[in-house]
Amino acid sequence: MSGLAIEAAGLVKTYKGKVRAVENVSFGVDPGRIFGFLGPNGAGKTTTVAMLTGNLAPTAGQATVDGVDVFRHPELVKRKIGLVFQESTADSDLTGRENLELAAALFGVPRRSTATTIDSLLDRMQIGDAADRLTKTYSGGMRRRLELAVGIIHAPRVLFLDEPTLGLDPQGRAGFWRFVLELRKEHGMTVFVTTHYLDEADTICDRIAIIDHGHLVATGSPSELKDRLGADLVTVRPVTPSPIMEGVLRAVPGVLSVAVQDGSYRVKAPRGEALIPLLVDACARSGIDLASVSLKRPSLDEVFLEFTGREFREDEGMTATDRAVRVGQVQQAFGRGGRR
Ligand SMILES: Nc1ncnc2c1ncn2[C@@H]1O[C@H](COP(=O)(O)OP(=O)(O)O)[C@@H](O)[C@H]1O
Ligand SMILES: [Mg+2]
């Protein structure tokens with residue numbers, strides 16, 4: 001065995017013999033890491049999640065999750081992992097506590113410990129006060145935290161999150177991630193997350209993979225991917241305009257280009273931090289006083305554009321896969337006894 005928490009090798013999914021949703025996708029996720037799966041709407045993210053979680057049979061390829069062959073033992077994988085969908089799956093006609101009780105029964109949490117587990121999760125997700133209210137009265141952020149609690153009620157070692165913060169405001173997103181990061185720290189849980197919030201992926205994920213039209217186009221840590229773009233932007237502003245400044249900056253080793261804009265000089269270079277002292281020094285030697293120096297590293301938006309040739313667009317909502325997976329999950333819940 002590889003020791004990887006998630007391993008995908010040559011995954012392919014062709015829907016109805018035509019739509020090639022996922023093509024030859026391979027990657028590995030080390031235990032305890034947060035792995036981000038980024039791509040525009042329709043790229044194949046949910047299809048990949050559905051295959052990795054035992055909810056969808058692949059057309060070809062192999063996958064293991066926590067050492068279990070997903071396609072040989074999908075039911076075992078479903079019980080082992082946690083899964084939070086992009087669309088709300090909490091039953092709004094049940095209270096928060098009832099939703100958790102249902103999940104506990106579904107995942108075979110021992111009856112003895114159910115009540116304490118639920119109480120501590122409710123508390124921890126800061127929905128303790130609303131535990132006995134119907135979830136239809138919950139805010140978006142509360143619902144997401146409840147669904148996260150549902151997803152981890154059986155203390156899974158691997159948690160899959162499909163666009164978990166879709167539609168939450170920045171505060172709700174930050175709160176959601178705080179809990180995920182805490183859980184990871186305490187339980188060493190591995191997290192596979194799809195998101196279209198690139199800033200979120202940048203700060204939260206240890207590694208990311210970018211998928212476009214079913215193909216993986218790049219994999220690496222956010223900073224590795226940004227480094228591959230090859231240039232930071234250093235903006236230097238002199239106290240008073242200087243006719244020699246552009247030439248002085250251009251002569252500094254490592255500078256790729258200099259552009260002048262509104263009295264500021266925009267310098268491109270592979271390693272901005274290392275360049276700043278050299279730029280400052282070169283200006284000082286030429287008698288140029290600087291008013292400000294700032295550094296901008298490329299963001300994941302630029303990384304995305306570079307690797308896919310397209311601007312990143314917002315997801316427009318549920319696709320066919322999301323619906324199919326949810327229907328399957330609901331049927332499974334009822335097949336296993338569903339509500340008492
Ligand atoms: N059940 C289905 N039948 C046919 N095509 C589908 C089905 N589910 C998804 N697709 C198509 O597969 C592609 C990938 O979809 P999906 O995995 O949902 O992308 P994402 O989650 O990245 O938005 C899209 O072109 C989508 O329209
Ligand atoms: Mg999706």
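The values are calculated or read from the model by the stated rules, or taken from the named source; none is laboratory data. Predicted, not measured: the structure shown is a model, and the values here were computed from it. Glycine also receives a Cβ, built like all others from the backbone with ideal geometry; neighbour counts cover every protein chain displayed.
Could you pull out the residue among His187, His154 that is at pLDDT 90 or above, at negative phi, of a type outside the set (Ser, Thr, Tyr) and away from ligand 2 (no atom under 16 Å from the Cβ)?
When all the criteria are applied, what remains is His154.
List the residue pairs whose Cβ atoms are under 7 Å apart, where the first residue sits in the stretch 13-30 and is over 10 Å from His215 (Cα atoms) and acidic (Asp, Glu), the second is more than 16 Å from ligand 2 (Cβ to nearest atom) and not in a strand (DSSP E or B), and the two are 6 or more positions apart or on different chains.
Asp30/Leu4; Asp30/Ala5
Being modelled with pLDDT under 55 and either over 22 Å from Lys13 (Cβ atoms) or of a type in the set (Val, Ile, Thr) (or both) is the filter here; which residues of the stretch 282-340 pass it?
If the condition is that a residue be modelled with pLDDT under 55 and either over 22 Å from Lys13 (Cβ atoms) or of a type in the set (Val, Ile, Thr) (or both), then Glu314, Val330, Ala333, Phe334, Gly335, Arg336, Gly337, Gly338, Arg339, Arg340 are the ones that fit.
Quick one: how many residues across the stretch 8-58 are among the charged types (D, E, K, R), assigned to a strand (DSSP E or B) and surrounded by 21 or more Cβ atoms within 10 Å (Cβ to Cβ)?
Residues in the stretch 8-58 being among the charged types (D, E, K, R), assigned to a strand (DSSP E or B) and surrounded by 21 or more Cβ atoms within 10 Å (Cβ to Cβ): 1 in total.
I'm told Phe27 meets every condition in (1) touching a Leu at 6+ places or on another chain (Cβ under 7 Å); (2) over 27 Å from Asp301 (Cβ atoms); (3) aromatic (Phe, Trp, Tyr) except one. Can you identify the failing condition by its number?
The single condition Phe27 does not satisfy is (2).
Among the residues of the stretch 17-40, which ones are within 14 Å of the chain's Cα centre (by Cα) and either among the hydroxyl-bearing types (Ser, Thr, Tyr) or near ligand 1 (Cβ under 8 Å from one of its atoms) (or both)?
Gly39, Pro40
Can you go through Leu148, Leu159 and tell me which one is in contact (Cβ under 8 Å) with a residue 24 or more places away in the chain, in contact with a Ser or Thr (Cβ under 8 Å, 6 or more places away or on another chain) and assigned by TED's automatic domain parsing to the domain that holds Trp177?
On inspection, the qualifying residue turns out to be Leu159.
What residue, of Asp212, Asp227, Asp206, Asp202, is in contact with a Gly (Cβ under 8 Å, 6 or more places away or on another chain) and surrounded by 14 or more Cβ atoms within 10 Å (Cβ to Cβ)?
Testing whether each residue is in contact with a Gly (Cβ under 8 Å, 6 or more places away or on another chain) and surrounded by 14 or more Cβ atoms within 10 Å (Cβ to Cβ) leaves just Asp212.
Quick test of your reading of the structure: Phe179 fulfils all but one of (1) farther than 26 Å from Asp91 by Cβ; (2) touching a residue at least 24 places away in the same chain (Cβ under 8 Å); (3) not aliphatic (A, V, I, L, M). Name the failing condition by number.
Tallying (1) farther than 26 Å from Asp91 by Cβ; (2) touching a residue at least 24 places away in the same chain (Cβ under 8 Å); (3) not aliphatic (A, V, I, L, M), Phe179 fails exactly one: (1).
Give the stretch 7-54 a look and list any residue that's hydrophobic (A, V, I, L, M, F, W, C), within 20 Å of Asp66 (Cα to Cα) and more than 15 Å from ligand 2 (Cβ to nearest atom), or say none.
Correct list: Ala8, Ala9, Leu11, Phe27, Val29, Ile34, Phe35.
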